[in-house]
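The values are calculated or read from the model by the stated rules, or taken from the named source; none is laboratory data. Predicted, not measured: the structure shown is a model, and the values here were computed from it. Cβ placement follows ideal geometry from the backbone for every residue including glycine, while neighbour counts extend to all protein chains displayed.
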Amino acid sequence: MIIKYIYLFICLLLFTACGSGSESYYVQTAAVPEGATIEEKIEFSGRVVPHPRQMKWFEDEFLGFIHYGPNTYTGREWGTGHEDAAIFEPTDLDTDQWCELMYEAGIRRVVMVVKHHEGYCLWQTRYTDYSVSASPWKDGQGDVLRELAESCEKYGLRLGIYLSPADLYQIEADDGLYGNDSEYTQRTIPRQVDGRPFKDERTFTYEVDDYNEYFLNQLFELLTEYGPIYEVWFDGAHPKPGTGQEYNYDAWFDLIRTLAPDAVIFGKGPDVRWCGNEGGATREAEYNVIPLEDNPEGYDWPDMMGENIAGREHITEDTRYFHYYPAETNTSIRHGWFWRNDDEQQVRSADDVFDIYERSVGGNSVLHLNIPPNTEGKFSDRDANVLRETGRRIREVYGSSLLDDGSTQFSEILDGNSETWWQAPSTQSQIEVTLSEPKAVNRFMIQEAIAHRGERIEEHHLEAYINGEWEVVAEGKTVGYKRILRFPEVKTERLRLIINKSRIAPAISHISAHYYDEPPKPVVIGFGDDGEITLGVGTNFSWRNHGAVDLSQTVYYTLDGSEPDANSSLYKEPLLLPDGGYLKARSISGDRKGPVSEYRIGVIKDNWSAVDGAGESVEASKAVNGDYQVGWTSNKGASSNSITIDMKENLSVSGLAYTPNAPEAYIESYTVEVSRDGEKWMQVYSGDFGNIRNDPSRRDLLFDSAYKARYIRLTDLVPPGGASVVGILELDVFVD
């Protein structure tokens, strides 16, 4: 049975605050009428509404992601498929702890990675022994997904599954099914296994090969034996492309739609798309109704990573369909998707997570935050503390509105009911609200009635009445499900939302005003041309780009690893640390302390040089020239992907910091060697930079001990995703 997209055309008499009328709306997908002009198509796009399963996904807003498996115990991001099945052995698995902490954070849906790319299955599958059934954990009777499903029911979380299409175990095994050139024949799903009958007696017939049958059998298990499933997550990544295996997405989608009709299909599917990065970046204007030239029935759903994928300029004469296709902002609380250790692996602060929450949930998207369990099978303390604090801030800021006792001429936008809305009279309109008294405000939330009227607003701004005049305090573009405008604190009793541009007269279901008592901002570190280190705070200040610094927040720092406070060194001017150091800094405003920023500073690189596998010393030396604006990229077809650094003198080397040459070239896996004379080499480190292409942040490597060396060689360099080159923007060296 091949899936068919059903284009649901709805003609309804819809009653609004401005009267009633008869209009045409389209659920998720709409075919453009023949002969429509560009302007008519633009208006038509505003009549496409999300499917109910997409609305449920939107309303959950904050999602949890669980990456757990053999990689947790090997310290890798991507396994090989050769890992011993017995390596997975939780010592104190506690899915109740996961769900309790996620619920406290405000998370309402969790997606579990039940099989990652190495192919290891975290449930009692009938179709492979490469699973928890071969683990000493609970004598092979354990089932991580079963325990999570029970915990989700206990804490009121919706459950989703991530099932990797790629499967290295099935690729590498002698009798593996992946890419084995088997014939496509009629197969019955599920395939019955002696002694393991299914309670669900439904069967399905598809024309598939061995691996697609295997995948469908496992989908059937997951969708029928673990309670309602609300999201099925398909990753497009592949650690070993070129195997010749093709995926029968039509069959997969058909099975999902039948067995889990409330489940959105993420990624290589028709319901939810990837935001385009894994670092928590969001777009200024997130359009979720996308124009297509081809019928979605045969669409292959490629990644859509552009800054603007559905603005007016993308609606052309070739546009034949509009499809509701919202973005999911997925990122990890740690560097990498899997837990590695609690000492070195960086954990996002609550400030960072709350900022991403406001930008994603408040930017017509949802936040999908990964929290990886440790080898015990629990969330580590640092992660748990961030979850608790993030949830506290969400409740404190958005648990009520400063407009709860306010007034406006359109009561529907303040009644808290998403099924009522104010219908604007034209594409340019305004709403004024009056607070009960002058109040401090720095957040304003807007929601369109997308379930009934679609996404229409393209530009808007907010004004506050201050000292007898209206002043613009914030500007925005799209609204859709939710827009959170953030701006410096103002005290006012009147606010005015101006809708400057819309595709059709918009319908507003909700507005609210809020105040966030922001803590001092995190300190960001910048590097000057002469190795000077600058400390500052402010939204435009970064280590690559010195921007506006908020001087009202005093910065204190330490160089001995201790927590800085008001008795620590006061930052007054750029620092020069020729021998590097372990810098900790925080901003302090009055009696309030900001979060601690940590940064390991490398030794000054005085006339260092480098050669790569092709022997190009000039280009390779860009990796160690102290210039964070230009880096090194290896040549395509070089004899070996390696780079050798000459530090000109023997130093006691204790670690490295790698910054990728984004977006040009990255290193995913590597080996580090050191030498005193350039002839005798010692391997001191090897590993991989998880998620480096989609989260191209600096990564620190700390060796087990310090090594006396003049030369450092990075070899066995492998780029991510089958790319042909590797690269370094800057390599910093830590010394004792």
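Here are a few things to note about the model shown:
- Scanning segment 647-693 for residues that are in contact with a Pro (Cβ under 6 Å, 6 or more places away or on another chain) and acidic (D, E) yields a single hit, E668.
- Taking (1) under 26 Å from the mean Cα position of the chain (by Cα); (2) of a type in the set (S, T, N, Q); (3) at pLDDT 95 or above in turn, T80 satisfies each apart from (3).
- Residue count, segment 317-338 (criterion: within 16 Å of the chain's Cα centre (by Cα) and of a type outside the set (K, R)): 12
- Among the residues here, G416 qualifies as surrounded by fewer than 18 Cβ atoms within 10 Å (Cβ to Cβ) and in contact (Cβ under 8 Å) with a residue 60 or more places away in the chain.
- Of all the residues in segment 647-659, those that are surrounded by 19 or more Cβ atoms within 10 Å (Cβ to Cβ) and more than 13 Å from Y707 (Cβ to Cβ) number 3.
- Residue within segment 98-107 that is modelled with pLDDT of 95 or more, part of a loop (DSSP other than H, G, I, E, B) and either crowded, with 24+ Cβ neighbours inside 10 Å or under 19 Å from the mean Cα position of the chain (by Cα) (or both) present: yes
- Selection status of E475, farther than 27 Å from I356 by Cβ, at pLDDT 95 or above, assigned to a strand (DSSP E or B) and charged (D, E, K, R): no
- Check on K572, in a loop (DSSP other than H, G, I, E, B) and either of a type in the set (A, V, I, L, M) or under 21 Å from L729 (Cβ atoms) (or both): no
- Within segment 705-722, tally of residues that are of a type in the set (S, T, Y) and within 15 Å of D688 (Cβ to Cβ): 1
- Residues of segment 580-600 satisfying the condition of being part of a loop (DSSP other than H, G, I, E, B) and either more than 36 Å from the chain's Cα centre (by Cα) or β-branched (V, I, T) (or both): V596
- Complete set of residues in segment 453-481 that are buried (at least 21 other Cβ atoms within 10 Å of the Cβ) and under 19 Å from L414 (Cβ atoms): R453, I457, H460, L462, A464, V479, Y481
- Restricting segment 518-562 to residues that are surrounded by fewer than 12 Cβ atoms within 10 Å (Cβ to Cβ) and at pLDDT 85 or above leaves a set whose member that is farthest from R443 (Cα to Cα) is D560.
- The set of residues in segment 679-731 that are buried (at least 21 other Cβ atoms within 10 Å of the Cβ), assigned to a strand (DSSP E or B) and acidic (D, E) contains only E730.
- Identity of the residue in segment 112-139, of a type in the set (V, I, T) and within 18 Å of W98 (Cβ to Cβ), that ends up farthest from the chain's Cα centre (by Cα): V132
- The one condition in (1) in contact (Cβ under 8 Å) with a residue 60 or more places away in the chain; (2) over 17 Å from R496 (Cβ atoms) that L402 fails to fulfil: (2)
- Residue among F220, F234 that is closer than 21 Å to L145 by Cα, free of Cβ contacts under 8 Å to residues at least 40 places away in the same chain and not β-branched (V, I, T): F220
- Filtered residues of segment 336-346 (kept if in contact (Cβ under 8 Å) with a residue 12 or more places away in the chain and surrounded by fewer than 18 Cβ atoms within 10 Å (Cβ to Cβ)): N341, D342, E344, Q346
- When segment 490-509 is limited to residues that are out of contact with any Lys or Arg (no Cβ under 6 Å at 6 or more places or on another chain) and among the polar types (S, T, N, Q), the one that is nearest to V433 (Cα to Cα) turns out to be T492.
- Filtered residues of segment 585-629 (kept if of a type in the set (V, I, T) and in contact (Cβ under 8 Å) with a residue 12 or more places away in the chain): I588, V596, I601, V603, I604, V611, V624
- Some residue of segment 316-339 being at pLDDT below 90, part of a loop (DSSP other than H, G, I, E, B) and either at positive phi or touching a strand residue (DSSP E or B) at 6+ places or on another chain (Cβ under 9 Å) (or both): yes
- Within segment 290-307, the presence of a residue that is surrounded by 15 or more Cβ atoms within 10 Å (Cβ to Cβ), modelled with pLDDT of 90 or more, of a type outside the set (V, I, T) and assigned to a loop (DSSP other than H, G, I, E, B) is excluded.
- Given (1) within 26 Å of K584 (Cβ to Cβ); (2) surrounded by fewer than 24 Cβ atoms within 10 Å (Cβ to Cβ); (3) out of contact with any helix residue (DSSP H, G or I) (no Cβ under 6 Å at 6 or more places or on another chain), index of the condition R359 fails: (1)
- Applying the condition of being in a loop (DSSP other than H, G, I, E, B) and small (G, A, S) to segment 382-429 and asking which residue is nearest to A350 (Cα to Cα) yields G399.
- Of all residues in segment 125-137, those that are in contact (Cβ under 8 Å) with a residue 24 or more places away in the chain and buried (at least 22 other Cβ atoms within 10 Å of the Cβ) have Cβ atoms under 6 Å from Cβ atoms of residues that are assigned to a loop (DSSP other than H, G, I, E, B) and polar (S, T, N, Q), 6 or more apart or on another chain, in S131/T125.
- Strands (runs of 3 or more DSSP E) lying entirely in segment 1-72 (those with 3 or more residues that are modelled with pLDDT under 95, under 21 Å from V289 (Cβ atoms) and not assigned by TED's automatic domain parsing to the domain that holds R187): 8-16, 19-27
- Residues satisfying the stated conditions in segment 601-621, i.e. within 34 Å of the chain's Cα centre (by Cα) and either aromatic (F, W, Y) or more than 30 Å from K584 (Cβ to Cβ) (or both): D612, E619, A620, S621
- Only residues that are farther than 23 Å from F62 by Cβ and touching a helix residue (DSSP H, G or I) at 6+ places or on another chain (Cβ under 9 Å) were counted across segment 147-168, and they come to 2.
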